[in-house]
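Novice: Questions regarding the structure given below will be posed in turn.
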Amino acid sequence: MREYLDNILSVPTTDPDDSRRRRVLNILLIGTMVAAILGLAVLIANTATKQAFSQSETQLLLAGIVAITFGVLGIYQINRRLSGSIAALFFLLLLTAIFSFSDTPEQLSNGRSLFIFTLPIAIASLILAPSASFLFAAISGGIVALLALSIDQNVNVFAIIGFFMLALISWLSARSLESALRELRIINTNLDKVVVERTEALAASLERERIEAGRNQAILNSIADGVIVFDTEWMAILANPAVKGMLEIPLELIVDKNFREIIGHPKLAPGSRRLLYAMIEHDTQPLGFRIEWAGKTLSVSAAQVYNDRSENMGTVTVFRDFTREAEVEKLKSTFVAIVSHELRTPLNAILGYAEMFKETVYGPMNDKQVNMADRIIKNTQRLLGLINDLLDQAQMEAGKLTIQFAPIRPSELLENLHGVMDKTASDKGLRLTSEIEDNLPESLNGDAARLHQILVNLVNNAIKFTDQGTVRVRLFCPGENKWGIEVVDTGRGIPAVDLPHIFDTFRQVEGTATRVHGGFGLGLSIVKQLVNLMSGEVNVTSTVDEGTTFTITLPMVTNEAMETNWRIS
Amino acid sequence: MSELALIIEDDEDLASIFAEALRGVGFVVEQIPDGKLAQERLRSGVAPFIILLDMHLPLISGGDLLSSIKQDERFSNTMIIITTADARMGELYRDQADFVMVKPISFVQLRDLTARLKPKQ
């Protein structure tokens, strides 16, 4: 029914104002048609009962009804097919014309039916245009005046002014209605636009998120490292396929399981389980410790994950298969141990025999022979020094070098240093001096052998790069619970650009200097690593052509710390 | 009389260098090339003034020899000098020996040390 009504009322236009007017016109046309049919019914009823109307009146009414019917149908067609404005104009004219004959001229111009002309005026502002009400005020006014004149009566000027007043009111209200509708339409259009924009933005954002999630998943799936993501309670919320192969357990036994449950797996070595438990219980994120799982060596690193608001969201644990590297390292370690022994033994023999020559154990020798023996000894010692450096470096890389603390006397450190280095210094025409600051305790806790090594390396280095002057060693107390070693030379100095690299492994300033001065460039690197192992720090300052100062600051290790097996490794 | 020094060392060259150093100081030197022979010799009732003991020995290790020496009262007055290429090993047995010398061992160093240890005639 509603659809049928809509169909009857519908008009072919996209302009909302035009559409509204033409639909209203259609409603009015239907109303008029209904009124005409009702009028016809009344007429028939009247004719049947032979009441009221005369024959001429009946004919006139019939003609009016027929005219209305055809007019309405015609206007409806124009409205539906051609133009709303023309149809509206015709309808209003038809209405005015019908009204002009709807009563006696007396009543129409001055009596009871005068009001009827207000209808087309008001309707005109609705269905034609707001200003059209003035046109029909004029037409109605003209008709009323003509009717009055035709029967020799005075023109009802007040009524005509009333028509124009009504036209003004209709015009104003229609206009404000239209502008209100227009604003509403603009608001609606903007609203639609915003809705469309928001919808598109939301769709784009969802799409981006989908792509991002897909990409992350793809990355996670394709990396060779095993990744397990835990929430703050150590429940596994995510695991990539690589984990499955690495831990040799199906993903179902990992995802949605607590880490404690996962590491209860029998393929995990007991020692490694303890390490993982420690990580969970202490909530620490150690980097790269190793575990033994299913015959493999895995390196484990864990990192806590934080969101934008710095809230802890859990831990990402990465497992890397380290089996091969571990084997290589073990092999390297064994190799180093063998090489160490096998190289040192024959070198020791060379050294011993050369010393025997020099000491004339097998009879007297001339100066040249003694000098030659001396050179053999020196070169052998140098070679031994290099081997020791390499071995120390290898041990430190393997993390096997440890610091053994015991009570030491600073004065003994210096005595030992002089015992080894005095000759090297005097051979080059340099003076090696040493001093101990008064406030330094007579006894300290430290690793005598490693401290000796540090001193020898620094002094050796200083002598190597000093052509004349002094190498000065000072033991001092830089502050509470600290002590320090200072080695100052009057050598050629180190250019500022090279200072940051002097502790690098296998590096000497100028790159090619290795050939001129010998050595692997390991000495300072070893010093730095040893000092680090002792929880100290080493600094260097240098002025080219004036000299270099190395300063080492070490913590004082208390007896209690030493006795509780305090080891830095 | 001359004091006896046992040199338990498998490397022939080192053994002869050590021997030369000790002979130079005036010791009577006896070289033993492996752990088993060393054990037999120690059980034979010998009373050395000094034992130079290498820790890396064939057949019986220096560590085992050292503990049996420490348990034997006959060697309570014997000076034990451990000679080893492994500084860590040296540290491990430092308490049980009179001296630990880490290889490379200098001829002069060994000679001077043993000269100090030798009783004045």
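Novice: Quick one: is A:Ser131 crowded, with 19+ Cβ neighbours inside 10 Å, touching a helix residue (DSSP H, G or I) at 6+ places or on another chain (Cβ under 7 Å) and small (Gly, Ala, Ser)?
Specialist: For A:Ser131, the condition - crowded, with 19+ Cβ neighbours inside 10 Å, touching a helix residue (DSSP H, G or I) at 6+ places or on another chain (Cβ under 7 Å) and small (Gly, Ala, Ser) - is not met.
Novice: Whether any residue in the range A:68-85 is within 60 Å of the chain's Cα centre (by Cα) and surrounded by fewer than 17 Cβ atoms within 10 Å (Cβ to Cβ) is what I want to check.
Specialist: Looking through the range A:68-85, none of the residues is within 60 Å of the chain's Cα centre (by Cα) and surrounded by fewer than 17 Cβ atoms within 10 Å (Cβ to Cβ).
Novice: Checking the structure you have, find out if any residue of the range B:9-18 is assigned to a loop (DSSP other than H, G, I, E, B), over 19 Å from B:Arg94 (Cα atoms) and more than 14 Å from chain A (Cβ to nearest Cβ).
Specialist: no
Novice: Could you tell me whether A:Leu202 is part of a helix (DSSP H, G or I) and in contact (Cβ under 8 Å) with a residue 12 or more places away in the chain?
Specialist: no
Novice: Considering only residues that are of a type in the set (A, V, I, L, M) and in contact with a Phe, Trp or Tyr (Cβ under 6 Å, 6 or more places away or on another chain), which ones fall in the range A:442-466?
Specialist: Within the range A:442-466, just A:Leu458 meets the criteria.
Novice: Scan the range B:79-98 for residues that are crowded, with 19+ Cβ neighbours inside 10 Å and of a type in the set (S, T, N, Q) and report the count.
Specialist: Residues meeting the conditions: 2.
Novice: Scan the range A:409-419 for residues that are touching a helix residue (DSSP H, G or I) at 6+ places or on another chain (Cβ under 6 Å) and modelled with pLDDT under 85 and report the count.
Specialist: Final tally of qualifying residues: 1.
Novice: For the range B:102-121, name all the residues that are in a helix (DSSP H, G or I), touching a residue at least 24 places away in the same chain (Cβ under 8 Å) and either of a type in the set (S, T, N, Q) or more than 14 Å from chain A (Cβ to nearest Cβ) (or both).
Specialist: B:Thr114, B:Leu117 - these are the residues of the range B:102-121 that are in a helix (DSSP H, G or I), touching a residue at least 24 places away in the same chain (Cβ under 8 Å) and either of a type in the set (S, T, N, Q) or more than 14 Å from chain A (Cβ to nearest Cβ) (or both).
Novice: Based on this model, can you work out whether A:Leu147 counts as of a type in the set (A, V, I, L, M, F, W, C) and without any contact (Cβ under 8 Å) to a residue 12 or more places away in the chain?
Specialist: Answer is no for this residue.
Per-residue answers, yes or no, for (1) among the basic types (Lys, Arg); (2) within 19 Å of B:Gly90 (Cβ to Cβ); (3) surrounded by fewer than 18 Cβ atoms within 10 Å (Cβ to Cβ):
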residue	(1), (2), (3)
A:Thr402	no, yes, yes
A:Phe405	no, yes, no
A:Ser411	no, no, yes
A:Asp422	no, no, yes
A:Gly429	no, no, yes
A:Glu442	no, no, yes
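Novice: Go over the candidates A:Thr317, A:Thr345 one by one and state the one that is surrounded by 15 or more Cβ atoms within 10 Å (Cβ to Cβ) and within 26 Å of A:Ala278 (Cβ to Cβ).
Specialist: A:Thr317
Novice: Kindly indicate whether B:Leu22 is modelled with pLDDT of 85 or more, within 14 Å of chain A (Cβ to nearest Cβ), under 30 Å from A:Asp447 (Cβ atoms) and surrounded by 20 or more Cβ atoms within 10 Å (Cβ to Cβ).
Specialist: no
Novice: Which one of A:Glu342, A:Glu325, A:Glu252, A:Glu281 is in a helix (DSSP H, G or I), over 25 Å from A:Ile223 (Cα atoms) and within 37 Å of the chain's Cα centre (by Cα)?
Specialist: Step by step, each of A:Glu342, A:Glu325, A:Glu252, A:Glu281 is checked, and only A:Glu281 is in a helix (DSSP H, G or I), over 25 Å from A:Ile223 (Cα atoms) and within 37 Å of the chain's Cα centre (by Cα).
Novice: In the list B:Ser68, B:Ser106, which residue meets the criterion of being among the small types (Gly, Ala, Ser) and farther than 30 Å from A:Lys378 by Cβ?
Specialist: None of the other options fit; the residue is B:Ser68.
Novice: Quick one: A:Ala326 ticks every box in (1) farther than 30 Å from A:Leu401 by Cα; (2) out of contact with any Gly (no Cβ under 9 Å at 6 or more places or on another chain); (3) buried (at least 16 other Cβ atoms within 10 Å of the Cβ) bar one, so which box is it?
Specialist: It is condition (1) that A:Ala326 fails.
Novice: Going residue by residue through the range B:71-78, is there one that turns out to be surrounded by 14 or more Cβ atoms within 10 Å (Cβ to Cβ) and more than 14 Å from chain A (Cβ to nearest Cβ)?
Specialist: Yes, the range B:71-78 contains a residue that is surrounded by 14 or more Cβ atoms within 10 Å (Cβ to Cβ) and more than 14 Å from chain A (Cβ to nearest Cβ).
Novice: When the residues of the range B:82-101 are filtered to those that are at the interface with another protein chain (Cβ under 9 Å from one of its Cβ atoms) and not in a helix (DSSP H, G or I), which remaining residue is modelled with the lowest pLDDT?
Specialist: Among those residues, the one meeting the criterion is B:Asp86.
Novice: Could you list, in sequence order, the residues of the range A:495-511 that are closer than 27 Å to A:Met396 by Cβ and either among the small types (Gly, Ala, Ser) or at pLDDT 85 or above (or both)?
Specialist: A:Gly511
Novice: For residues in the range B:34-60 being in a loop (DSSP other than H, G, I, E, B) and within 14 Å of chain A (Cβ to nearest Cβ), which is surrounded by the fewest Cβ atoms within 10 Å (Cβ to Cβ)?
Specialist: This residue is B:Pro58.
Novice: Given the conditions (1) under 18 Å from A:Lys464 (Cα atoms); (2) more than 14 Å from chain B (Cβ to nearest Cβ); (3) crowded, with 18+ Cβ neighbours inside 10 Å; (4) not β-branched (Val, Ile, Thr), and given that A:Gly385 satisfies all but one, which numbered condition is not satisfied?
Specialist: (2)
For every residue, the table says whether it meets (1) closer than 20 Å to A:Gly64 by Cβ; (2) out of contact with any Pro (no Cβ under 8 Å at 6 or more places or on another chain); (3) assigned to a helix (DSSP H, G or I).
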position: A:Leu94; (1), (2), (3): yes, yes, yes
position: A:Ile98; (1), (2), (3): yes, yes, yes
position: A:Ser102; (1), (2), (3): yes, yes, no
position: A:Ala122; (1), (2), (3): no, yes, yes
position: A:Ser125; (1), (2), (3): no, yes, yes
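Novice: Kindly establish whether A:Thr69 is more than 21 Å from A:Asn26 (Cβ to Cβ), β-branched (Val, Ile, Thr) and modelled with pLDDT of 85 or more.
Specialist: Answer is no for this residue.
Novice: Also, I was wondering about something else. Among the residues of the range A:356-379, are any facing chain B (nearest Cβ under 10 Å), of a type in the set (Gly, Ala, Ser) and either under 56 Å from the mean Cα position of the chain (by Cα) or farther than 30 Å from A:Ile436 by Cβ (or both)?
Specialist: No: zero hits.
The values are calculated or read from the model by the stated rules, or taken from the named source; none is laboratory data. Worth saying up front: this structure is predicted, and the values here are computed from it rather than measured. Here Cβ is always computed from backbone atoms with ideal geometry, including for glycine, and neighbour counts include all displayed protein chains.
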